[in-house]
Amino acid sequence: MDRVDLRSDTVTWPTPEMRQAMAEAAVGDDVFGEDPTVNALQEAAARRLGKEAGLFVASGTMGNLVAILAHCGRGDEVILGDKAHTFVYEAGGIAALGGIHPHPVPVQRDGTLPLEMIRAAIRPDNIHMPVTRLIALENTQGTVGGLPLTKEYTDAVGEIARAHGLALHIDGARIFNAATALGCDVADLVAAADSVTFCLSKGLCAPVGSVLVGSHEFIARARRARKIVGGGMRQAGILAAAGLIALEKMTGRLAEDHANARRLAEGLAALPQFEVDLAQVQTNMVFFSLRPEVPITAYELAERLKRHNVWIMCMDERRFRAVTHYWIRPEHIEQTLAAIRQETP
Ligand code: TLP
């Protein structure tokens with residue numbers, strides 16, 4: 001890449017191997033179900049996550065949208081985190097396009113929704129109220145440190161869902177980061193979920209795409225929902241070819257990104273101008289803040305860092321997010337820390 005871009009792992013460029021595979025991909029019409037590379041990706045993704053079937057979608061947002069459209073009807077309710085990507089950053093799509101009512105529950109500092117709050121959010125059978133159909137979790141929890149949710153926690157939420165006849169969806173945009181941080185098998189981690197979306201185009205480096213997995217019957221409904229939102233693609237094998245490499249080769253190296261995030265966090269913790277909670281740095285994200293007395297805003301500092309070819313994201317006037325990924329090496333962390341040391345008053 002041409003810059004040290006820590007704004008997100010979405011900025012990753014495809015690897016040379018991906019570009020080669022894309023150029024050579026076998027293709028067909030995927031709306032007819034005839035693209036062999038898309039089919040191979042969907043099958044590999046389902047196998048890897050321990051589900052029956054997969055559906056290649058254009059983005060994480062589309063994956064969550066079609067999953068929730070497939071689980072819920074108009075007026076039905078989904079229980080989800082008040083800081084969940086689906087609640088905050090997906091343009092209200094489930095309500096705008098599906099008439100689905102979100103019921104937010106406060107996300108805690110450890111990334112979880114308290115089990116008793118989930119239970120309390122489930123509606124009784126009452127004609128005045130929406131019908132609860134679905135619980136949605138996010139793993140890793142993007143806006144709360146990028147924290148991984150454990151298998152034990154996910155299983156406990158799954159039990160609540162089953163006991164009430166609800167489905168469980170996981171926005172697993174970074175589920176392989178979670179499995180890596182927890183040292184567990186990804187299929188085990190999501191065993192309690194009826195559906196999972198994961199992104200190929202974040203830390204896994206593919207240029208485009210996510211995969212939604214679930215039962216055959218659920219994926220058939222999701223395929224129809226994907227068509228409704230205009231997500232039926234044709235010779236999408238060109239994209240799926242990169243996705244297959246993402247799934248097969250890039251999921252095994254995420255510990256390097258986590259080590260670089262820790263390196264950055266420790267470097268920042270040593271600087272008097274910044275606050276960073278090292279316990280919250282468990283995957284590839286570092287959230288940090290300027291101490292109140294430092295006479296510069298986050299926006300000004302981020303602008304200054306661009307002169308050093310370093311890009312970070314501002315969350316607000318005082319707070320930053322930095323995300324590590326394939327194109328960030330230990331020397332880039334040193335470059336970033338040196339630029340921050342030089343530019344922060
Ligand atoms: N997250 C992006 C931004 O949209 C905030 C980022 O830079 O982190 N679920 C989670 C947990 C996500 O973090 C994201 C993207 C999505 C879903 C949506 O994925 P895309 O961007 O592919 O629609």
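The values are calculated or read from the model by the stated rules, or taken from the named source; none is laboratory data. In this text, all values refer to a predicted model and were calculated from it rather than measured experimentally. Cβ atoms come from the backbone with ideal geometry, glycine included; neighbour counts cover every protein chain shown. The protein model used for the area step is the full one, side chains on, heavy atoms only, and it has no ligands, DNA or RNA in it. Shrake-Rupley method; radii C 1.70, N 1.55, O 1.52, S 1.80 Å.
Side notes on the structure shown:
- Convex hull (Cα only) mean projected area of the chain, reported in nm² to one decimal: 17.3 nm²
- The chain, accessible surface, carbon-and-sulfur percent (1.4 angstrom probe): 52 percent
- Database remark: amide H of Leu147 closer than 5 angstrom to the amide H of Gln141 (H placed geometrically; neighbours at sequence offset of 5 or more, or on other chains; Pro and chain starts carry no H).
- Phi to ³J(HN,Hα) by Karplus 6.51 cos²θ - 1.76 cosθ + 1.60 over region 202-210, Hz, x for Gly, Pro: 9, x, 8, 6, 5, x, 8, x, 9
- Among Thr37, Thr140, Thr297, the largest mean-square fluctuation in a Gaussian network model of the chain, built with springs joining Cα atoms closer than 10 Å, belongs to Thr297.
- Packing, as the average of other Cβ atoms within 10 Å across residues, places the peptides 70-81, 113-124 in the order 70-81, 113-124, highest first.
- Using a Gaussian network model of the chain in which every pair of alpha carbons under 10 angstrom is joined by a spring, one finds that among Ser201, Ser59, Ser215 the greatest mean-square fluctuation is at Ser215.
- Using a probe of 1.4 angstrom and keeping all protein chains present, the accessible surface of the chain works out to 41 square angstrom per residue.
- Hz values of 3J(HN,Hα) by residue in region 77-92 - Karplus curve (6.51, -1.76, 1.60), Gly and Pro given as x: 10, 10, 8, 8, x, 6, 10, 5, 3, 4, 6, 9, 10, 10, 6, x
- Here the calculated FRET efficiency for Met313 and Glu24, from their Cβ-Cβ distance with R0 = 22 Å, stands at 0.05, rounded to the nearest 0.05.
- Straight-line reach from Lys249: taking Cα to Cα under 17 Å and skipping same-chain neighbours fewer than 8 places apart, the aspartates and glutamates in range are Asp9, Glu17, Glu43, Asp185, Asp257.
- On full extension, the segment bounded by Ala270 and Arg341 gains 24.5 nm, given 0.36 nm per residue less the C-alpha separation.
- Of the residues Leu182, Leu147, Leu254, the one that moves most in a GNM of the chain with alpha-carbon contacts below 10 Å is Leu182.
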